[in-house]
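**Student:** Have a look at the structure that comes next, please.
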Amino acid sequence: MIHCKHDTAVVILSYNGQALHQQFLPQIIEEASGLYDVILIDNASTDDTYHYVQEHFPTVQLIQHTINNGFAQGYHHGLIQIDAKYFVLLSADFEVTPHWFKPVHSLLESNKNIAAAQPKIRYQKEKAMFEYAGGAGGFMDKWAYFFCRGRIIDTLEQDNGQYDDNIETFWASGGCFFVRADLYKEFGGLDIDFFAHMEEIDLCWRFKNAGYQIAACGSSHVYHVGGSVISYGSPQKLFYNFRNSLSLIVKNERSSKLLWLLPLRLVLDGLSAAMFLMQGQPKSIWAIVRAHWSFFGQLPQLLKKRKLNKKLITSRNTIGIYKGSILMDYFLRKKKKFSDLTKITIKQI
């Protein structure tokens, strides 16, 4: 067990990330002084990441896995070995900025009802732009499609200070995910069966169903490279996104809504496959087919998890749910920016 000197453990899950650590770890360590411990979980890398970090960054504490079972399970097995008040799940391809940590930490300290939070996330290759992995906070529409302030579908906004406030959201990005360690453990943490993608949304939904808040902190920002493990738009990423989006709906949605929402989402997935057919992308179609097979194969286990999740539900917190359809607004009404949306409640924290 690693007992942290500070109340926060910044925990980096790494798979073959030696080049990323050479680039980004120095700033993370420089900012750590007196604020947080830095712990790296080596997820069975084959590029000698463990020994490289051990030699070049001796202040970083290390956990080594012998098998890579994905993002969710890598963190699951690592975090149970760490004793801290807060965890910060920080992906290896993130570049932190001066004073990135304290504003988000202070936000959590000021309000015990905030279960998880994130800073603003911008694109490391175009630093004025928001990034796909979380933008300035995550939201969900009425059909359980997910989007961010600063990023709707494929449209990224430039950060001009329009999202510098602290607000309540529906989910926080797993790439730079501040979370209360006690709640993380109480609610079961990241679902290891998700492997990768949307596991943080699933956890946030569980928090929200128990009345907790999720926050975006506008006075802190970090940069994300993105696509360093599974590239954006790849068939494998599509597989996880389509499968896991169905899985978290089954686990967390109200029963009355699930009865019509799940069939609707399956139909909409079919329409996505038809779109890929017209675009001549057979690998993307196959990714959706595989996602559905995997989802239905996991359905009995998902229903068991749903039953367990119900025991944690108190008063559902619906702040961060958009009352419209983000797909219809984006593709039909051409609403490309968060500021174009009207059917949403913004609550300052």
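Since every read-out is calculated from the coordinates, none of them should be taken as a lab result. Note that the structure is a prediction, hence the values are computed from the model and not measured. Glycine gets a Cβ as well: all are built from the backbone with ideal geometry, and neighbour counts include every protein chain shown.
**Student:** So which of Lys112/Lys310; Lys102/Lys335; Lys257/Lys305; Lys102/Lys142; Lys307/Lys337 end up more than 29 Å apart, counting from Cα to Cα?
**Tutor:** The answer is Lys102/Lys335; Lys102/Lys142; Lys307/Lys337.
**Student:** Determine the relative contact order of the range 2-224: mean sequence separation of Cα pairs under 8 Å and six or more apart, normalised by residue count, in whole percent.
**Tutor:** About 24 percent, as a whole number.
**Student:** Related question: Counting each DSSP H run of 4 or more residues in the chain as -39500 (n - 2.57), what helix-only mean residue ellipticity at 222 nm follows after dividing by all residues, to the nearest 500 deg cm²/dmol?
**Tutor:** -12000 deg cm²/dmol
**Student:** Work out the charge dipole of the chain with +1 on the Cβ of Lys and Arg and -1 on the Cβ of Asp and Glu about the Cα centre, then indicate which of Thr155, Met278, Phe71 is farthest towards its positive end.
**Tutor:** Ranked along the dipole, the leading option is Met278.
**Student:** Dipole of the range 235-313, Cα-centred, from +1 at each Lys and Arg C-beta and -1 at each Asp and Glu C-beta, to the nearest 20 debye?
**Tutor:** 500 debye
**Student:** From the phi angles alone, apply the Karplus equation (6.51, -1.76, 1.60; θ = phi - 60°) to the range 57-69 and give each ³J(HN,Hα) in whole Hz, x where the residue is Gly or Pro.
**Tutor:** Karplus values, whole Hz, x for Gly and Pro: 9, x, 7, 7, 7, 10, 10, 10, 9, 9, 10, 8, 10.
**Student:** To the nearest 10 degrees, how steep is helix 235-252 against the longest Cα principal axis of the chain, on a 0 to 90 scale?
**Tutor:** Its long axis makes an angle of about 80 degrees.
**Student:** Can you compute the label reach from Lys283? Point 7 Å from Cα along the Cβ direction, backbone N cut-off under 16 Å, restricted to the range 237-253.
**Tutor:** Flagged as within label range: 237-241.
**Student:** Another question about this same structure. Count neighbours as other Cβ atoms within 10 Å of each site's Cβ, and list the chymotrypsin sites (Phe, Trp or Tyr not before Pro) in the range 212-320 that are DSSP loop with at most 16 such neighbours.
**Tutor:** Within the range 212-320, the qualifying chymotrypsin sites (Phe, Trp or Tyr not before Pro) (loop, at most 16 other Cβ atoms within 10 Å) are Tyr232.
**Student:** Considering only the chain, what is the antiparallel percent among its DSSP beta bridges, to the nearest 5?
**Tutor:** Of all bridge pairs located within the chain, approximately 45 percent are antiparallel.
**Student:** Here is a further query. Taking the Cα atoms only, what angle lies between the long axis of helix 255-278 and the longest principal axis of the chain, rounded to 10 degrees?
**Tutor:** For 255-278 against the chain, the angle is about 90 degrees.
**Student:** Compute the angle between helix 282-310 and the longest alpha-carbon principal axis of the chain, please, reported from 0 to 90 degrees and rounded to the nearest 10.
**Tutor:** 80 degrees
**Student:** Looking at the square roots a ≥ b ≥ c of the eigenvalues of the Cα gyration tensor of the range 218-338, which shape do they give, rounded for a/c under 1.5, prolate if a/b is larger than b/c, or oblate?
**Tutor:** rounded
**Student:** May I ask you to list the aspartates and glutamates whose Cα is less than 16 Å away from that of Lys85, ignoring any residue fewer than eight positions away on the same chain?
**Tutor:** By straight Cα distance, Lys85 reaches Asp7, Asp37, Glu109, Asp182, Glu186.
**Student:** Would you work out the charge dipole size for the range 2-224 about its Cα centre, treating the Cβ of every Lys and Arg as +1 and the Cβ of every Asp and Glu as -1, and quote it to the nearest 20 debye?
**Tutor:** In debye, rounded to 20, the range 2-224 gives about 480.
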